[in-house]
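Please read the structure below before turning to the comments.
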Amino acid sequence: MKDDVSVESAESKATAVCDTCFYRCSIADGRTGKCRARMNRGGKIVPLNYGRLTALALDPIEKKPLYRFFPGSVILSAGSWGCNMRCPFCQNAEISQSGGGIETVYVSPEALAEKALSLIPCGNIGVAYTYNEPLVSWEYVRDASRCVHSLGMKNVVVTNGCVSADVIEEVLPYVDAMNIDLKGFTREWYRALGGDFDAVKDTIVRSAKRTHVELTTLIVPGKNDGEEEIRSLAQWVSKIDKAMPLHITRFFPHWRMKNADATPVDTVYRSVSIAREYLEYVYPGNC
């Protein structure tokens, strides 16, 4: 019996469950989960990419895209590496799909906030956490956002939304705006992308109650461009808030879909027209 107990104890110490997202990865000591950014270190899940930035740039707020949140301003955009989805058309695959084997610079939460403050004369309004999936290192987003708020500036999160409710509740008190990818409106498409349809819908509902939210849907030919799917998506969003902005954007071949065709411009505008039957603010993108 004692031997059985010791074996069970050793196994429990060897693995730990990460509850950051729907995957709930059971991770062996010294290994990472599906996002490649969270590791089991001695029985504790830690973000390997905490403060490890791969990109830092001053962007127009419209690039996030956010069209109805301080339009005409700029925002300091910070990105790291890692993502819990596997979209084959990812525009930032070199960092989002990295396991950390790329050049980074450590920037503490305090240093990021001070950098943002120094750019106020350039029109900067705060910090956007973007480029990769920022919430695989939600602890950094939370900590940096606190610092940014303490200096009187704004925080923006650009996310796929496929994280746990607990993570969203941790960061929402410090977030002023979000752009959330709603990549389509079927479970099949979300499964193909390595995401979770229910998780992103829950994130949108929770976030819309607490902060400014805009949505982005990339239209991929033959995948999520059906008229009924767009109609169902827009109807669902309208039940949350008819004034929630929706960005319907054009797909261009990239990463593992380099041989695919770009979305016809007419398809984007047709989708925009359908969505406008239900929503007040629908914008075409990449056209």
Q: Restrict the check to the range 136-148 and report whether at least one residue is closer than 25 Å to residue 286 by Cα, part of a helix (DSSP H, G or I) and either of a type in the set (Phe, Trp, Tyr) or open to solvent by 50 Å² or more (accessible area, probe 1.4 Å) (or both).
A: no
**Q.** Candidates 211, 216 - the one that is within 14 Å of residue 87 (Cβ to Cβ) and modelled with pLDDT of 95 or more
**A.** 216
(Q) Exactly one of these conditions fails for residue 85: (1) under 12 Å from residue 133 (Cβ atoms); (2) part of a strand (DSSP E or B); (3) of a type in the set (A, V, I, L, M, F, W, C). Give me its number. (A) (2)
Q: Return yes or no: is residue 227 on the phi < 0 side of the Ramachandran plot, out of contact with any Asp or Glu (no Cβ under 7 Å at 6 or more places or on another chain), surrounded by fewer than 15 Cβ atoms within 10 Å (Cβ to Cβ) and at pLDDT 95 or above?
A: yes
Q. If only one of 218, 246 is touching a Leu at 6+ places or on another chain (Cβ under 6 Å) and of a type in the set (A, V, I, L, M, F, W, C), which one is it?
A. 246
Q.
I'd like the full set of residues that are open to solvent by 60 Å² or more (accessible area, probe 1.4 Å) and more than 22 Å from residue 108 (Cα to Cα), limited to the range 23-49.
A. 23, 24, 26, 29, 31, 34, 42
Q. Can you tell me which residues in the range 79-113 are within 30 Å of residue 151 (Cβ to Cβ), in contact with a strand residue (DSSP E or B) (Cβ under 9 Å, 6 or more places away or on another chain) and open to solvent by 10 Å² or more (accessible area, probe 1.4 Å)?
A. 80, 81, 92, 95, 100, 104, 105, 106, 107
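The values are calculated or read from the model by the stated rules, or taken from the named source; none is laboratory data. Owing to the predicted nature of the structure, the values given are computational and were not obtained by experimental measurement. Methodologically, a virtual Cβ is constructed for each residue, glycine included, from the backbone with ideal geometry; neighbour enumeration extends over all protein chains shown. Surface areas here come from the heavy atoms of the whole protein model, side chains and all, with no ligands, DNA or RNA. Shrake-Rupley method; radii C 1.70, N 1.55, O 1.52, S 1.80 Å.
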